[in-house]
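Readers should treat all values here as calculations from the given coordinates under stated rules, not as data from a laboratory. None of these values were measured; they are calculated from a predicted model. Here the Cβ is made from the backbone with ideal geometry for all residues, glycine too, and neighbour counts use every protein chain on show.
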Amino acid sequence: MLSLKALDKTYDNGVHAINNVSLEIPAGLFGLLGPNGAGKSSLMRTIATLQDPDSGSMRFNGVDVASDKAALRRQLGYLPQDFGVYPRVSAVELLNHFAILKGLHQRGERREAVEALLQLTNLWEVRKRAVASYSGGMRQRFGIAQALLGAPRLVIVDEPTAGLDPDERQRFLNLLARIGDNVVVILSTHIVEDVTNLCPRMAMIAKGRVLIDGAPQAAIATL
Ligand code: ADP
Ligand code: ADP
């Protein structure tokens, strides 16, 4: 469970990107729905401890995040909106490399983890191809494989379905829904169907504020 309490953030240019946000985010897939500029990336960067809020607090499984950011980072898988990929390097090489950075030093254990993630994301057949040559959908699935290295308990995925065709979108969302019962998975999107079809819980934000929060059908009915 991730608890956000009265989070607030105003940038130097005066944009009030996070406005008194309080949310209880349980394990499972949680949809963060909002139009462009709503503050989704700002909130996700804050949760990922890449930027500090001006005020408010966060707790992950009962532990105050500000007092031990390293503890949260060890449990975090973060897929930013536009993640770069290295030219010419294959998926299996990249995952091995990131697995070492994540502390999977034992070769057998690392190989097992990388293979399991390539299977989960349906990239096993194309593991030796350069990620830079992948289609948009394949690239996002690779991003999830990378984010899941080291078995994170908090997974943050920022606008992953933008630009994907409907089949790839569905495939990607099904993958997110399979990540695991005891993992908090936060999906940000501006596409209503992304949250109504698969997320048991959601929040809608606009102009930095939470407008609604709950089960998608009930929440959207109140609009
Ligand atoms: P979303 O992810 O929902 O599109 P963002 O969090 O990216 O929303 O942006 C929310 C608002 O904050 C927008 O008005 C955006 O221009 C502004 N913003 C985002 N990041 C910064 C930043 N680093 N500095 C100044 N303004 C920012
Ligand atoms: P999104 O809207 O999808 O969240 P953006 O394209 O707004 O993403 O943001 C990309 C990067 O640019 C982020 O690091 C964000 O902090 C920064 N950024 C966004 N808006 C502004 C802004 N108005 N001023 C300065 N930096 C910004």
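Structure notes:
- Residues of segment 72-104 with amide N under 16 Å of a point placed 7 Å along Cα→Cβ from ALA132: 83-95
- Calculated FRET value between ALA218 and ILE100, using beta carbons and R₀ = 41 Å, to 0.05: 0.35
- Only lysines eight or more places from LYS69 in sequence, or on another chain, were considered; those with a Cα closer than 20 Å are LYS5, LYS9, LYS102.
- Compared with the rule-of-thumb size 2.2 N^0.38 Å for a compact globular protein, the chain has a Cα radius of gyration ratio of 1.01.
- Residue by residue, segment 184-189 carries 3J(HN,Hα) couplings of 7, 10, 10, 10, 9, 7 Hz when phi is fed to the Karplus relation 6.51 cos²θ - 1.76 cosθ + 1.60 (θ = phi - 60°); x denotes Gly or Pro.
- Phi to ³J(HN,Hα) by Karplus 6.51 cos²θ - 1.76 cosθ + 1.60 over segment 94-103, Hz, x for Gly, Pro: 5, 5, 4, 4, 5, 5, 5, 4, 7, x
- When the alpha carbon gyration tensor of segment 1-125 is reduced to an equivalent ellipsoid, its three semi-axes come out at 32, 18, 14 angstrom, largest first.
- Listed peptides 182-193, 10-21 by packing density, highest first (mean Cβ within 10 Å): 182-193, 10-21
- Computed extension gain for HIS190 through GLU24, at 0.36 nm per residue and net of the alpha carbon distance, reaches 57.7 nm.
- Taking the longest Cα principal axis of the chain as reference, the axis of helix 166-177 is set at about 80 degrees.
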